[in-house]
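Visitor: One structure, pasted below without further comment.
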Amino acid sequence: EGVLLTQRLAESFTGATEALSDLVESRDPYTAGHSKGVAALAVHIARQMGMDEGEIKGLQVCAILHDIGKVVIPASVLNKPGKLTEEEYGKLKQHPAHGAKILEPVEEFKEILPYLYHHHERFDGKGYPRGLANNKIPIASRILAVADTFDAMTSKRPYRKPLPIKKAISELEDNSGTQFDPDIVKVFNELYRKEAIMQN
């Protein structure tokens, strides 16, 4: 009975996590499926890098919830078809902090909060919210940055068409060592060559 209860609780937790993700994406039809796409890519990268299954599970949950803070951002900002003003972009940049605050009271999320909070940091230290650089950024956040950007580039958005996968990978390579951890970009390329990531 104890094992069944634990299993049911785990299933409920997974269901609740996905429901929270769906809530964010329901506010923006252009991002439908984005979080699950990011999670799948992040897990591929983490496995290729030899991370243990416990870390991978935490990364997967974080990837599904990485945009939860956007529930606080006005729809006019999220769905704006043109370029954001400086003020609007400032609001959007607050979503990692909002996300961490929303999830903080849930004990099961404590371990993944730093991953979520730092997923928009840049390898060169010019990201947000803290401006961390290199290995000071949690490795899970560095993986999320690559997976998140790739999925966004290859998905339709209000302001542009999706990029072909080869073009998106070129963009990752062009920003390797500045925006992205070069080791993670290299792993991503290996996965692409192995056809572990869909090609077009």
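What follows is calculated from the coordinates using simple rules that are stated; it is not laboratory data. These numbers were taken from a predicted model, which means no experiment stands behind them. With ideal geometry, Cβ positions are generated from the backbone for all residues, glycine too; neighbour counts draw on all protein chains shown.
Visitor: Extending each Cα 7 Å along its Cβ direction at Ile165 and Ala16, get the distance between those two points in nm, one decimal.
Guide: 3.6
Visitor: Short version: ³J(HN,Hα) in whole Hz for each residue of the stretch 50-63, in order, from phi by Karplus 6.51 cos²θ - 1.76 cosθ + 1.60 (θ = phi - 60°), x for Gly and Pro, what are they?
Guide: x, 5, 6, 4, x, 5, 5, 4, x, 4, 4, 4, 4, 4
Visitor: If each DSSP helix of 4+ residues adds -39,500 (n - 2.57) and the sum is divided by the residues in the chain, what number results at 222 nm, nearest 500 deg cm²/dmol? Could you put the intermediate results ahead of the total?
Guide: Numbers: 10 runs with 115 residues, N = 200.
Value at 222 nm, helices only: -17500 deg cm²/dmol.
Visitor: Over 22 Å between Cα atoms: which of Lys167/Lys194; Lys83/Lys186; Lys70/Lys186; Lys166/Lys194; Lys36/Lys156 fall into that group?
Guide: On the way: Lys167/Lys194 17 Å; Lys83/Lys186 31 Å; Lys70/Lys186 30 Å; Lys166/Lys194 14 Å; Lys36/Lys156 15 Å.
Pairs exceeding 22 Å: Lys83/Lys186; Lys70/Lys186.
Visitor: Same structure again: Once you keep just the Cα pairs under 8 angstrom separated by 6 or more residues, what percentage relative contact order results for the chain?
Guide: Working: 260 pairs, mean separation 38.6, N = 200.
It rounds to 19 percent for the chain.
Visitor: In nm, give the distance between the simple-model label positions of Arg193 and Gln48, each being 7 Å from the Cα along the Cα-to-Cβ direction.
Guide: Label-label distance for Arg193 and Gln48, simple model: 1.0 nm.
Visitor: Mind pulling the per residue volume of the convex hull built on the Cα atoms of the chain? Å³ is fine.
Guide: 126
Visitor: Which ³J(HN,Hα) values, rounded to whole Hz and listed in residue order, are derived for the stretch 73-89 from phi using the Karplus coefficients 6.51, -1.76 and 1.60 in 6.51 cos²θ - 1.76 cosθ + 1.60 with θ = phi - 60°, glycine and proline given as x?
Guide: 7, x, 4, 4, 7, 4, 9, 5, x, x, 5, 6, 6, 4, 5, 5, 5
Visitor: Still on this structure: I'd like to compare 84-90, 147-153, 130-136: which one has the highest average count of other Cβ atoms within 10 Å, and what's the full order after that?
Guide: Details: 84-90: 11.3, 147-153: 21.3, 130-136: 13.1.
Per-residue Cβ counts within 10 Å, averaged per peptide and sorted highest first, yield 147-153, 130-136, 84-90.
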